[in-house]
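A short write-up of the structure that comes next.
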Amino acid sequence: MSESLGVLVAFSAGLFSFLSPCVLPLFPSYLSFITGMSVDRLTSEVTAGARTRVLLHSVAFILGFSLVFVSLGASFSAAGQFLLDYRDWIRIGGGALIVVFGLYIAGVLRVGIFGRTQQMQIRSKPAGLLGSFLVGLTFAIGWTPCVGPILGSILTLASND
């Protein structure tokens with residue numbers, strides 16, 4: 001695949017990930033959360049100081065968000081090389097997990113830990129630019145299952161070049 005076609009495919013995949021039903025509807029609330037302003041206030045007349053604050057918090061959020069995905073990309077290559085030697089054992093273990101999870105979903109197997117959930121409710125944004133950075137990290141981790149299939153495809157494409 002030519003380099004320009006690879007860039008076009010990666011850009012398109014990123015755009016489709018952003019426009020997906022589990023990402024795009026959340027964007028206004030995340031923007032409000034990191035800026036501390038309502039969507040109505042953001043769309044009305046905003047002072048230069050407020051715009052600067054929004055820009056700085058958005059950059060901190062994007063840096064946190066990007067750190068997660070850059071780390072995934074870097075670890076994808078390193079882990080892939082390391083795990084290549086153990087691929088037969090990984091296939092067997094993965095197959096066993098699929099059987100166990102299938103039995104659990106079918107109701108045949110009862111495993112208490114599979115039914116547990118853990119949630120953190122953040123009522124207010126952590127203070128300052130560090131808070132926006134941490135919120136970016138958190139949201140990226142939360143979005144990983146949604147964008148994971150496309151991200152995995154792009155990382156595989158990148159590893160073949």
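The values are calculated or read from the model by the stated rules, or taken from the named source; none is laboratory data. All values derive from a computational prediction rather than experimental measurement. Glycine gets a Cβ as well: all are built from the backbone with ideal geometry, and neighbour counts include every protein chain shown. Accessible surface areas use protein heavy atoms only, side chains included; no ligands, DNA or RNA. Shrake-Rupley method; radii C 1.70, N 1.55, O 1.52, S 1.80 Å.
Structure notes:
- Of the residues making up the stretch 4-23, those that are open to solvent by 70 Å² or more (accessible area, probe 1.4 Å) and more than 17 Å from Gly136 (Cβ to Cβ) are Ser4, Leu5, Val7, Leu8, Phe11, Leu15, Phe16, Leu19, Pro21.
- Lone unmet requirement of (1) surrounded by 14 or more Cβ atoms within 10 Å (Cβ to Cβ); (2) modelled with pLDDT under 80 for Thr138: (2)
- Test result for Gly107, more than 17 Å from Thr156 (Cα to Cα), under 16 Å from the mean Cα position of the chain (by Cα), of a type in the set (Gly, Ala, Ser) and open to solvent by less than 60 Å² (accessible area, probe 1.4 Å): no
- Qualifying residue in the stretch 123-131 (condition: open to solvent by 60 Å² or more (accessible area, probe 1.4 Å), under 21 Å from Phe11 (Cα atoms) and either modelled with pLDDT of 85 or more or in a helix (DSSP H, G or I) (or both)): no
- Count - residues of the stretch 102-119 that are of a type in the set (Ser, Thr, Tyr) and assigned to a loop (DSSP other than H, G, I, E, B): 1
- Residues that are surrounded by 10 or more Cβ atoms within 10 Å (Cβ to Cβ) and either on the phi > 0 side of the Ramachandran plot or modelled with pLDDT under 75 (or both) within the stretch 44-73 comprise Val46, Gly73, listed in sequence order.
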